[in-house]
Amino acid sequence: MPANPHLPYHPHGHVPAPGDPIAPAFLFPGQGSQQVGMGKELAAMYPVAQRTFEEADEALGYKLSAICWEGPEDRLKLTEITQPAILTFSIAVFRVLRDIGILPAFAAGHSLGEYSAHVAAGTFTFRDAVRVVRNRGKYMQEVVPVGEGAMAAVLGMDLESVTQVCSEASQGQVCEPANINSPDQTVISGHKQAVERAAELAKQRGAKRAILLPVSAPFHCSLMRPAQERLETDLRSMQFNPLEIPVVSNVDANFLDSPETSRDALLRQVTGAVLWEKSMRALIARGVTSFLEVGPGKVLCGLMRQIDRSKICMNVEDEATLQKAINHFGKAKTGTD
C-alpha cells in the first residue's frame, strides 16, 4: 500500500500545508512495558507484523516470537530478551501503521525505545537493531551483579530537590537521577543502599511517594560505564544511515541530524539520564500536537498527561487501539498488508 501522501518523510520533519495539521510524533516505549501475549493478535491479522517477528527470530537464532506470545513471563523479563522483544513488537506496530498510511513527523523513544525510533527513521536496519539491543541488555545485566544496584521512582518532587537528595544519600556510592520523566516523576539509579537511602530521604523531604522499582540492574547511571564501553564496539561496527525523519535524543533532547550524532547519542545514553520531559517539550516547540505511543503499554501517554494535558496522546498495541488511531487520523482501513 502506498504511503500517505499527506504525511511524507522529510529530513526536517513534516511541514504542513495551510490548514493541514502536523503529523503525529511516534513515541516508542522502553523496558518495563513488556507483557506476555504482545503482538500475537496483530501478527495473526497483519502479514507485515508476522514477518517482523519472523525476521527477529532469524536474526537472533531463537524463537523470540514464542516468548513474546506465550511466555513464560520470567523469561520475557530477562533483560537480554526483554529489549529485543519490545523493539520487535514496536517495529511490528510501526510497520502496520506505515502500510496503512499513518506516518510520523518525528520520532522519540524512551531509553531502549530510541533504537525503535531509529529503525522507524531508517537510521539502521531492524535486523541490526535486534542484535545490538540483545547485546545491550546482556552488557547492562552483567556489569552490576543482581542485588547490588537499584532504581526508584520519586513522585511529587522537583528535579533540583531530587538531585540534592541523591547527593546527600550517596555517601561515597553512586546515586543519580536516571529518568527525568515529567514534572512529577524522576527515577533515580545507583548502588542499592544509596538508592534506598535516597528514597527514604525523599519521603522525609516531602515527596508524595518514593518507590523501589522491580528492575534487574541500575540503568542510566555511571555504574553502567563498562557496558557503555562494550556497546561502543557494536555500535561502531553497525551501518548508520542518514535519518529520514528527525529523532529526538534521550541524552540531551536535541534533534539528531546525522549518522554520527545518532551513534554518539545512543552510546552516551547508556550512562546518561533520559531527559524525557525535555524531549517532549522540544517536540511540542516544533508544533507537534498529537503523539502515538507505538508498542506495548501506555506509560508514555501517562507521562504526556503530566507534561502537557492539552496534547493528544494515543497508544497502538492491538487491533482495537489501532482502529482508534485510524479513526482519529481519518484513515479508512483498506487492507491488511
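Residue by residue through segment 241-264, note down the ones that are in contact with a Pro (Cβ under 7 Å, 6 or more places away or on another chain), of a type in the set (A, V, I, L, M) and open to solvent by 10 Å² or more (accessible area, probe 1.4 Å).
Hits for segment 241-264 are Leu243, Leu256.
For (1) touching a Leu at 6+ places or on another chain (Cβ under 9 Å); (2) of a type in the set (Gly, Ala, Ser); (3) under 24 Å from Arg305 (Cα atoms); (4) not in a loop (DSSP other than H, G, I, E, B), each residue gets a yes or a no:
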residue: His118; (1), (2), (3), (4): yes, no, no, yes
residue: Gly122; (1), (2), (3), (4): yes, yes, no, no
residue: Arg131; (1), (2), (3), (4): yes, no, no, yes
residue: Gly147; (1), (2), (3), (4): no, yes, no, no
residue: Glu168; (1), (2), (3), (4): yes, no, no, yes
residue: Ala178; (1), (2), (3), (4): no, yes, yes, yes
residue: Val195; (1), (2), (3), (4): yes, no, no, yes
residue: Ala199; (1), (2), (3), (4): yes, yes, no, yes
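Which one is nearest to Ser33 (Cα to Cα), of the residues in segment 214-230 that are aliphatic (A, V, I, L, M) and open to solvent by less than 10 Å² (accessible area, probe 1.4 Å)?
Going through segment 214-230, the residues aliphatic (A, V, I, L, M) turn out to be 215, 217, 223-224, 227.
Cutting the leftovers down to open to solvent by less than 10 Å² (accessible area, probe 1.4 Å) gives us 217, 224, 227.
Working: Ala217: 16, Met224: 21, Ala227: 22 Å.
In this case the residue turns out to be Ala217.
This table checks each residue for (1) within 30 Å of Thr233 (Cβ to Cβ); (2) under 14 Å from the mean Cα position of the chain (by Cα); (3) not aliphatic (A, V, I, L, M); (4) not in a helix (DSSP H, G or I).
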| site | (1), (2), (3), (4) |
| --- | --- |
| Glu260 | yes, no, yes, no |
| Met280 | no, yes, no, no |
| Phe291 | no, yes, yes, yes |
| Gly297 | no, yes, yes, yes |
| Leu300 | no, yes, no, no |
| Leu303 | no, yes, no, no |
| Ser310 | no, no, yes, yes |
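Within the bounds of segment 181-191, is there any residue that is open to solvent by 10 Å² or more (accessible area, probe 1.4 Å), acidic (Asp, Glu), in contact with a helix residue (DSSP H, G or I) (Cβ under 8 Å, 6 or more places away or on another chain) and more than 18 Å from Asp158 (Cα to Cα)?
no
If I go through segment 167-180 residue by residue, how many of them are open to solvent by less than 30 Å² (accessible area, probe 1.4 Å), in contact with a Cys (Cβ under 8 Å, 6 or more places away or on another chain) and closer than 14 Å to Gly149 by Cβ?
Total meeting the criteria: 3.
The values are calculated or read from the model by the stated rules, or taken from the named source; none is laboratory data. Source: prediction; values computed, not measured. A quick note on method: Cβ atoms are made from the backbone with ideal geometry, for glycine too, and the neighbour counts reach across all protein chains shown. Calculation scope for accessible area: heavy atoms of the full protein, side chains included, ligands and nucleic acids excluded. Shrake-Rupley method; radii C 1.70, N 1.55, O 1.52, S 1.80 Å.
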